[in-house]
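Asker: Just dropping this structure here.
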Amino acid sequence: MNPGIRDLPIDERIQLVEDVWDSIAEDQQKLELTQAQREELDLRLNAYKQDGQSGSDAGTVLEGIRRRL
């Protein structure tokens, strides 16, 4: 970690993180998927289309995970 970052007050560090995150969000279309990632997305989309079910909401999934822990 850059030692100078630790010297910043927390509110300035939070703002720095938000600024970096916003810059990533603005440039995300520049990220290209690998062929393997495209194939995986196609597999998942096809499986979803064949199944026809929308899946579970995040709350239900997290509840199941917590029960297993």
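The values are calculated or read from the model by the stated rules, or taken from the named source; none is laboratory data. The structure displayed is predicted, hence computed values, not measured ones.
Asker: Residues to consider are GLN53, GLN29; find the one that is under 29 Å from ASN2 (Cα atoms) and modelled with pLDDT under 90. Spell out how you get there, then give the answer.
Answerer: Working: GLN53 fails: under 29 Å from ASN2 (Cα atoms).
Going through GLN53, GLN29 in turn, just one is under 29 Å from ASN2 (Cα atoms) and modelled with pLDDT under 90: GLN29.
Asker: Can you name the helices (runs of 4 or more DSSP H) wholly within the stretch 1-65 that have at least 1 residues being more than 19 Å from the chain's Cα centre (by Cα) and polar (S, T, N, Q)? Give the steps one after another, and end with the answer.
Answerer: On the way: elements: 3-7, 10-27, 35-51.
Answer list for the stretch 1-65: 10-27, 35-51.
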